[in-house]
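Structure, as structure tokens:
Values in this text are rule-based calculations from the coordinates and carry no lab data. Being a predicted model, the structure only gives us computed values, none of them experimental. Cβ coordinates were reconstructed from backbone atoms using ideal geometry, including for glycine residues, and neighbour counts include every protein chain displayed.
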Amino acid sequence: MKIIFYPEELSNKKSKIKEQIESLKQDHLKIYKQIQKIFDLIDKNDFKVLKDLRERSIYKPLREGMHEFEIPPHGKGGVVRIYFTFHKEKKDTIVILDMELKKKNKADIETAKERKKEYD
């Protein structure tokens, strides 16, 4: 499987999502390393890896073609939620739409939903 980041798929713009993930190195190194490990697993495997991540409560499908990685699953002190969809034509490709470092109870998925509509 392959991972691409919004809006790189739509234009030549650099993805701010990549920058957000990189910024985790400073204050949340452990979470950053977990994200990189998961991205490496996805990059080197096929859809079966998603089943494994789902069993470990890291991956879950949402509604309307949206999906989520929660890293670490149910972590104290903050959880990173990475929202994604599958590429319209290349079904073995994940398009990362948004990410957030969640320290509050409610997740903010609205930006990811807006980007998915633009992507569709």
Q: Tally the residues that are assigned to a helix (DSSP H, G or I) and without any contact (Cβ under 8 Å) to a residue 60 or more places away in the chain, restricting the search to the stretch 14-30.
A: 10
Q: Could you check how many residues of the stretch 39-52 are assigned to a helix (DSSP H, G or I) and out of contact with any helix residue (DSSP H, G or I) (no Cβ under 7 Å at 6 or more places or on another chain)?
A: 8
Q: Kindly indicate whether Glu8 is closer than 21 Å to Ile109 by Cα, in contact with a Ser or Thr (Cβ under 9 Å, 6 or more places away or on another chain) and of a type in the set (Asp, Glu).
A: yes
